[in-house]
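Worksheet: one structure, shown below.
The values are calculated or read from the model by the stated rules, or taken from the named source; none is laboratory data. Everything numeric here is computed off the predicted structure, so don't read it as measured data. Neighbour counts run over all protein chains shown; Cβ positions are idealised from the backbone, glycine included. SASA here: full protein model, heavy atoms, side chains in, ligands and nucleic acids out. Shrake-Rupley method; radii C 1.70, N 1.55, O 1.52, S 1.80 Å.
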Amino acid sequence: MSVQPIVISAALGPRVAAFTCRIDGRPAAVVNTRIRVNPAMHTQAAMALLCAGVDAAHTMGALDGVRS
């Protein structure tokens with residue numbers, strides 16, 4: 001059974017798309033709410049989550065949730 005990551009959104013300013021970490025061995029990410037209006041930032045956030053080990057389906061679901 002895979003560990004579900006923690007993904008939350010917050011206003012991180014104009015230069016940070018997302019940041020990631022691990023909490024008790026579980027991947028966690030904070031995604032900038034600006035990905036709603038900035039396609040380049042959306043791509044950067046997706047890459048950050050994928051590189052942190054968050055699976056692609058969960059990454060896209062999380063980012064689409066922030067965009068809606």
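What the table shows:
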read-out	value
Loop-located trypsin sites (Lys or Arg not before Pro) in the stretch 1-61 whose Cβ has at most 15 other Cβ within 10 Å (DSSP)	15
10 Å-binned pair-distance histogram of the chain (Cα, whole percent)	24, 58, 17, 1
Residues with amide H under 5 Å from that of residue 12, placed H, sequence gap 5 or more	33, 34
Antiparallel DSSP beta bridges within the stretch 8-53, percent to nearest 5	65 percent
Rounded FRET efficiency, nearest 0.05, which uses the C-beta distance separating residue 50 from residue 10 and R0 of 22 Å	0.65
Per residue accessible area of the chain, 1.4 Å probe, in Å²	62 Å²
